[in-house]
Amino acid sequence: MNAVGGYWNDMVTVALLGTDRREPPVPPPGTFADLAADDPRATPSQRMLQQVAAVAVAQRAGVQPGPVAAPLSPPADDGRPVTPPSATATWHRIVREWPVLEDEWLLTVVATGRRVAPELVVPLLTRHRTDATRHARALLATGSLGRWTVGLSPRLGSSSKKAPSPEAVACLPELAIMPELAALLGAPASEVARAVAGGLDSTQLGTTHRAVLVNFVARVSVDTLAPLARALDRVDPAQSSIGLAFALADLARLRHRALTELEST
Amino acid sequence: MSERSNRWQVEQVLALAPKPSSVASAQPLAVPARWLAPGCDERGVWGRCTGTSTEPYDTVVDHIDPAFRCTCPSRVAPCKHALALLLLWVRGQVPQGEAPGFAAPWLATRAAVPPAQQPPVPRASPATAPPARAEEAPMPPPVPDPTSSRDDRVARMRAGLAELDRWLDDRTRTGLADPSLARYAAWDDLASRLVDAQVGGLANRVRRLAGLVGTGPQWHQQVLAELGMLHLLASAAAHLGTLSSDLADAVAVAVGWQVRQADVLAGVPYTDHWVVMGRSDTREDRIEVRRFWLRGRATGRWAMLLSFAAYGHSLDTSLVVGTQLHADLFRYPGVLGLRALLGPQHEAAQPALDVIACSMSQACDALGDALAAEPWIERYPLIVLASPTRTAGRWVLTDATGSLPIAPGSPGLGTLIACSGGGPVAITGEWTPAGVLPLTVHLVDRAVDLGPVADTSFVAAS
């Protein structure tokens, strides 16, 4: 430790006890002693404050880099391409507005042979810490970088001790859909659009069906999504379900974009 | 200057609130739906507030020489209606117009009487005063500045500075181990008196200092260094006349002397391609502060733009990290002149991915120069090409020339590590006495914003 460092430590000790109990330390020869001589203060506490300010300024302005530190060993190579920046933005929107789509998004990332952008690794692992299946899915999508990050920061690991089954990790979770709608999951786009948009227009479907309709749009065939969104846009604005129609159209468009941007790029 | 530049900022309105509950009462009324025919001109703001009474309350505010008039029964001035009207106005939700019958005569009378003869504006209580700090002093209410009131203010500031130095002296005599220092009230009482003395910059430093007590094994060292900075500022402010003009300006701003926005905008513009290098949100008492760090492509100089949001209000989202603006900036006075206002933009924002990063050693040199010029600054930006790594139990940024510690609890640390993959990356950070706070990782094709984000339950989600 240099003379200034030792002087500072002595001042910290005196500062803890107070100058009523202990005299301030004598400054080491040089700048601080010169300052004390040039501007002598009447009381020990005033002398102490003057020296504390001077040493604090000197230490701040004389900031030096610390010793060189060994870099971290890098994660294992992951040859998979990274998802495009637009997909990162889409994930943020999904978790903010339509989290029902997140499982499918993650599975699509893995199925298309990609890995998520590094800036999503921590948010994904943190978000699914308490759900073993989703955490395992997130680890698949983040790859070796995800495992490496968990190694450095164990709090990003799953909080569940039970390992999920590989089947559960690879499958989309089942969502509750009423039988009339479930029958339409594989139907042609025009039929789906007519049934959903028509149902909202005729008040056969309404806000009480919101949850099952959301689940339906989250699972219906991808080819159906664009026509369905267009049909929902045409629901009579005078109907009380117009808000639901807009929301479902938004969900359909987001899901369509999320899947096509991962599959096409 | 345009009406927009004369318009107050949110924190100026909050500073007028006679008690904290006034702001809470005013917030629900600060929506256009509650006001009939609101309007404003270069002198006043007016509107009729609808509420539970059969007749709306007629509210008028003189925003040039602040005064309030309201037909509500409240004896508190300004009442919640006046505060709500001002909040609406600062958010740009009050249209320009001609003063109606209930407002015009009063405003005309106000305009005719010299400010010195008008009744004083109720002073803000310490609890509601806005934050004012070295580099982020909010604008004051645009009160005319006649010599007499300036002299009064200088006298109050001097008294406040003398009181601060007495308090520091007492603490030095009795020692940091004194149990009374563990009580927030011990610090808050002093901070309140400093607000009264209109040295809000020092008051905020005292409140932040209170938060350091007992927070870690090194807290005595940190508190002692900060007490030294307070003593330095108090001493410098007591001798402003002997300092160079730039240094005197820097000290004055640091202790809380407020600079009018219009005066800054009347200065010399700094035109450059300004790259938005980083963003950082912090809560200051009851205000959320957003800091954008900009760097000039041609000059390499840093600048800081601030925005403020009270509860339920929005922070500025017009700037995006990783883009650049060809624009004029107007700097506040000071040696470093970091704080600035954004002037006219000459072209739309463009992506800016090629940033020039320096080594840790060069960053320390630049930081040392800045701290030698204004030792009391609490944040300074840096851009380095470095790797995050762990050594001796703490995270640091390192390269072949050395290392700097990363501030404990940095929210973006995990993402920084993942983005770096253990290798060197260009990182914009904020130096603080506790370490470097990572704000941005500049990757080849994008900039990843890692800065602390305001609590969305406090500020309105944008």
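Suppose we keep only residues that are hydrophobic (A, V, I, L, M, F, W, C) and within 17 Å of B:VAL453 (Cβ to Cβ) within region B:283-304. Which one would you say is modelled with the lowest pLDDT?
This residue is B:ILE287.
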#### Entry: Condition check for B:LEU181: at pLDDT 50 or above, within 22 Å of the chain's Cα centre (by Cα) and either within 14 Å of another protein chain (Cβ to nearest Cβ) or assigned to a loop (DSSP other than H, G, I, E, B) (or both)
no
### Query
What is the number of the single condition among (1) under 31 Å from the mean Cα position of the chain (by Cα); (2) within 8 Å of chain B (Cβ to nearest Cβ); (3) among the small types (Gly, Ala, Ser) that A:ALA87 does not meet?
(2)
#### Entry: Among the candidates B:ALA37, B:ALA67, B:ALA84, residue that is surrounded by fewer than 18 Cβ atoms within 10 Å (Cβ to Cβ) and modelled with pLDDT of 85 or more
B:ALA37
### Pick from region A:24-81, criterion part of a helix (DSSP H, G or I) and among the hydroxyl-bearing types (Ser, Thr, Tyr), ranking: nearest to the other protein chains (Cβ to nearest Cβ)
A:SER45
#### Entry: Restricting region B:398-419 to residues that are under 28 Å from the mean Cα position of the chain (by Cα) and part of a strand (DSSP E or B), the residue that is farthest from A:PRO67 (Cα to Cα)
B:ILE406
## Note on the structure
Taking region B:214-227 and keeping residues touching a Pro at 6+ places or on another chain (Cβ under 9 Å) and part of a helix (DSSP H, G or I) leaves B:GLN222, B:ALA225, B:GLU226
### Query
Does region B:382-397 contain at least one residue that is closer than 30 Å to B:ALA248 by Cα, of a type outside the set (Phe, Trp, Tyr) and either outside the structural domain of B:ALA310 (by TED's automatic domain parsing) or not in a strand (DSSP E or B) (or both)?
yes
### Query
What number of residues within region A:90-132 are away from every other protein chain (no Cβ under 14 Å) and under 17 Å from A:LEU145 (Cβ atoms)?
6
### Task
Please indicate, with yes or no, whether at least one residue in region B:412-426 is more than 11 Å from every other protein chain (Cβ to nearest Cβ) and farther than 18 Å from A:SER153 by Cβ.
yes
### Task
Filter region A:1-12 down to residues that are touching a residue at least 12 places away in the same chain (Cβ under 8 Å) and within 12 Å of another protein chain (Cβ to nearest Cβ) and give me whichever is nearest to B:ASP178 (Cα to Cα).
A:MET11
### Query
Which strands (runs of 3 or more DSSP E) does region B:256-349 wholly contain that include 2 or more residues that are surrounded by fewer than 18 Cβ atoms within 10 Å (Cβ to Cβ)?
B:269-284, B:323-331
### Subset of region B:382-411 [β-branched (Val, Ile, Thr) and facing another protein chain (nearest Cβ under 7 Å)]
B:THR389, B:THR391, B:VAL396, B:THR398, B:THR401
### Given (1) over 30 Å from A:ARG230 (Cβ atoms); (2) of a type in the set (A, V, I, L, M); (3) within 23 Å of the chain's Cα centre (by Cα); (4) surrounded by fewer than 15 Cβ atoms within 10 Å (Cβ to Cβ), number of the condition A:ALA163 does not satisfy
(3)
### Task
Check B:PRO433 against each of (1) more than 8 Å from chain A (Cβ to nearest Cβ); (2) surrounded by fewer than 19 Cβ atoms within 10 Å (Cβ to Cβ) and name the one condition it does not meet.
(1)
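The values are calculated or read from the model by the stated rules, or taken from the named source; none is laboratory data. Being a predicted model, the structure only gives us computed values, none of them experimental. Heads up, the Cβs are rebuilt from the backbone with ideal geometry, glycines too, and the neighbour counts pull from every protein chain shown.
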